[in-house]
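To start, the structure under review is shown below, and the notes come after it.
The values are calculated or read from the model by the stated rules, or taken from the named source; none is laboratory data. In this text the structure is predicted, and so the values were computed from the model without any measurement. Methodologically, a virtual Cβ is constructed for each residue, glycine included, from the backbone with ideal geometry; neighbour enumeration extends over all protein chains shown. All accessible areas refer to the heavy atoms of the entire protein, side chains included, with ligands and DNA or RNA removed. Shrake-Rupley method; radii C 1.70, N 1.55, O 1.52, S 1.80 Å.
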Amino acid sequence: MQVALHQSTTSPLSVSPSNLSHFKPPLCSRCKNRSASAPHDTSTIHYEKFWLYRHCSSVQQGDRQAQKAGQLFSGLLAMNVVFLGSAFVSSMIFNHVAITLADVWILLSILKVLCLCWIIYYLLGTSRQPHAVLYRDSHAGPMWIRGSVLLFGIFSILLNTFHIGYSAVLIQCKSRVEIVFPSIEILFICTQAFFLWHHSKDCIQVQHNFTRCGLMLTIATNLLLWLLSVTNDTIHMEIESQLREVEQRFAGNETVSCTCPNTTICKVFQKGYILLYPFNTEFCLVCCSVLYVMWKNVGRRISHHHVPHIKHKFKLQGVVFGPLLGVIAVIIGICVFMMYQIQATSSVPDRQVFVMFYSYYVVLLPLMSMGAVVGTIIHALEKKELDTVKNPTRSLDVILLMGAALGQIGMSYFSIVALVATDPRELLNSLILSYSVLLILQTITQNVFIIDGLHRQPLVEETKGEQIHEACDQRRMSMLELGQEIRRASLSYIHSYSHLSWKRRALREISFFLVLCNIILWVIPTFGAHPVFENGLEKSFYGYSTWFAIVNFGLPLGVFYRMHSVGGLLEVYVTA
């Protein structure tokens, strides 16, 4: 049973009883010469002595059972931490006297300190052990995902800096926790961003269970930070939409007396703190997605027989109409957003500003749906082979796209029921009804287009030369096989450029147009435009509390869906 503790990357079926006697000496020589750079030594994985190995007759079966058991235990750890933190946050919302915001901050600070200890241990200990990182998942942590982690992390650091400055100005009515919590948050963001930037592709092969638990603890902490940010953001929405009721509700509370003095620096800290709030929620969700892929890659062995992942470069060559139409949509969207913000923040919002806002969406959403449908048809006409290789990153992208879309689709169906039951013939009601129906269609067609594009193999003319060199090194093909491979590559190159060039251009035009459209549809709700709550139609139908809970669930998911769609569309663009 000692053989189960060491397994090579070759299949266990290749070890026959006839050569089993020759199997132990290489193991001994590896143990004696670990510092040697032999190929067999670098391909050896030293598995942990998990108790399931001693109860399984098969080496391969023991590996699978240990992996499932490790994932189960780490998942249970994350589940308990999330439930505990959710109970604290919910208790703070429903009974802010017994459980205060400071109590929630103390709990999250403890979790962040534990995550910091594990990340530092991983950077200085686990990742530097022999045979720690034998494989790296080339699909995990693409440049735009790591770039978004860095971008949102920088804005989150600024957010916490403004929070510290705002609390320092009002130190006479603020607790010390309001300064300590954002300080720990800044350290946590910096360390986590550095960790994900350099190690997001790791397939760690040592300390499986401890690494899984550390990753799941970090995921749970980010989820709780996201939950706290969402609840605080909805409180800002409530203050903006129901200012008088909130002032009456908190009459005599410390929050009302603790107001910002008439100084410029205090106003800057206050406005910057509120303006940068959405970036913190996006940072937490992006980190969760990257950490989940790392968790799936713990102990994963990537076969060298597959063609390696090709690093595609982002080029704007051959695209004209997509960027042009996208820039026009962005400029018009910014103008509509600014006019909406000016009018909707007044004491009595003008009804025409809602008509203008929904009219913009009613024009833009059908164009996006048509582009996604045309792109899906082009994917079908290309008849490219599907990429069936196991890919945790792509699987997570599909899950996030489908899951985050539920927020927008759910809100749209609630709006449809409310408008049809009242008066759908009125101008504003008909616009909102059209907006809800078009939003459902656009979300579905875009998801189909992105998921279909993510599962397509890249075009052969861009990768065939590199595949030939890789095939020569791995299979040591003869000159005759090499000549046949070059001939097939040449024919594929000529065929692709003569028959598929217009399809490539169309896919890139559509992808780039959808990227810019999703960016502006992310910007508008992120920075404060919430007409689904401020128009008052659905709120009067369902009631304030019920509709507020629906918006609280759907709006953060809708914001994350737009941001995640940008990453998927960029992947489709560069592989088209």
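Some notes on this structure:
- In order along region 405-413, phi translates into HN-Hα couplings of 5, 4, x, 5, 5, x, 4, 5, 5 Hz, rounded to whole numbers, per the Karplus curve 6.51 cos²θ - 1.76 cosθ + 1.60 with θ = phi - 60° and x for Gly and Pro.
- Full extension of the chain between residue 422 and residue 64 yields a length gain of 123.2 nm, computed as 0.36 nm times the residue separation minus the alpha carbon distance.
- Accessible-area rank, largest first, for 163, 198: 198, 163, with all protein chains present and a 1.4 angstrom probe.
- Using a Förster distance of 25 Å, the FRET efficiency for residue 540-residue 94 (Cβ separation, nearest 0.05): 0.50
- Euclidean distance of C-alpha centroids, region 115-129 and region 130-148, integer Å: 16 Å
- Amide H contacts under 5 Å for residue 135: 203, restricted to partners 5 or more places along the chain or on a different chain, H placed in the peptide plane at 1.01 Å from N.
- What the phi angles of region 420-431 give under the Karplus curve with 6.51, -1.76 and 1.60, with θ = phi - 60°, is a coupling list of 5, 6, 9, 8, x, 7, 5, 4, 5, 5, 5, 5 Hz, glycine and proline written as x.
- From phi via Karplus (6.51, -1.76, 1.60), per-residue ³J(HN,Hα) for region 161-173 in Hz, x at Gly/Pro: 5, 5, 5, 5, x, 5, 5, 5, 5, 9, 5, 5, 10
- Set 174/271; 201/503; 296/503; 112/201; 112/174 screened for pairs whose C-alpha atoms are more than 28 Å apart: 201/503; 296/503
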